[in-house]
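Comments concern the structure below.
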């Protein structure tokens, strides 16, 4: 691994100095002990082996927002034009569910699988037009159901350890919302504010929930990851050497490591000079463990 950085009482390591333009969507593959992640506008899925330091990529030919494993083998991706599969041999990408192809300015962004193996993924306008996107639920039979509309930047989403609460961030609202979640039907209800983050610069981005039920949120332009209790109380702030962390995932053999992706996208030459590791993937031991990530049953 790379240079060591000290962050309060924790040691932050550079797991991969990827130099990613817009590194996003980390997902830990327990079976292979690898971290899946994406570089959005490069249209690439990356498979990173922390043990060896190797990182290989797969080109999907269009912007990509997220990736996860399929239970039947291969990968599922949310790409600009909808939902696609990367076949188990890793050599072929196939768009299987077009979404919002009649809205050429939109693309898929962040997504995650729920405890029942359904895929949730949202859209946004590439030019950041407000309220242009939606959040969708994709069943194992590839039925697409709109869940939330008038979303501006569909971002971090995860579930409580018992699966009864769904967390979601529309980044432009500067808030994290909680909903009651029905595991059997996939329905959400009773929207409520969990965390209000009215910072003039920093914006909530990707998130991860640990085994204790606390919520970790990457703060784009905030240079940190913040941890909140299930009632929304700020528990701690992890400072980073880059201003644009994008998302987080628990991984490692004991799910006791926290991987943090970041971006170079939009930074000026002077900012990049001050942030030589922008676009890297960072890792630390946060003192808590994550839960096994959910994969797609489709």
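The values are calculated or read from the model by the stated rules, or taken from the named source; none is laboratory data. Please read these numbers as outputs of a predicted model, since none were measured by experiment. Don't worry about glycine lacking a Cβ; one is built from the backbone with ideal geometry, like all the others, and counts go over all protein chains shown.
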Just checking, which of 122, 117 is modelled with pLDDT of 95 or more and either in contact with a helix residue (DSSP H, G or I) (Cβ under 8 Å, 6 or more places away or on another chain) or in a strand (DSSP E or B) (or both)?
-> 122
Exactly one of 57, 72, 52 is under 30 Å from residue 170 (Cβ atoms) and surrounded by fewer than 22 Cβ atoms within 10 Å (Cβ to Cβ), and that one is 57
Qualifying positions in the range 169-190 - assigned to a strand (DSSP E or B), under 15 Å from residue 115 (Cα atoms) and touching a residue at least 24 places away in the same chain (Cβ under 8 Å) = 181, 188
Return the total of residues in the range 42-87 being in a loop (DSSP other than H, G, I, E, B) and more than 16 Å from the chain's Cα centre (by Cα).
-> 14
Count - residues of the range 91-111 that are part of a loop (DSSP other than H, G, I, E, B) and either under 21 Å from the mean Cα position of the chain (by Cα) or closer than 14 Å to residue 65 by Cβ (or both) = 2
Please work out which residue is surrounded by the most Cβ atoms within 10 Å (Cβ to Cβ), limiting yourself to the range 267-279 and to residues that are more than 15 Å from the chain's Cα centre (by Cα) and assigned to a loop (DSSP other than H, G, I, E, B).
-> 278
Can you name every residue in the range 16-34 that is outside any loop (DSSP other than H, G, I, E, B) and either farther than 24 Å from residue 221 by Cβ or out of contact with any strand residue (DSSP E or B) (no Cβ under 6 Å at 6 or more places or on another chain) (or both)?
-> 28, 29, 34
Scan the range 206-227 and give yes if some residue there is in contact with a helix residue (DSSP H, G or I) (Cβ under 8 Å, 6 or more places away or on another chain) and either closer than 22 Å to residue 152 by Cα or assigned to a strand (DSSP E or B) (or both), otherwise no.
-> yes
With respect to residue 117, determine if the residue is closer than 22 Å to residue 36 by Cα, surrounded by fewer than 20 Cβ atoms within 10 Å (Cβ to Cβ) and touching a strand residue (DSSP E or B) at 6+ places or on another chain (Cβ under 8 Å).
-> yes
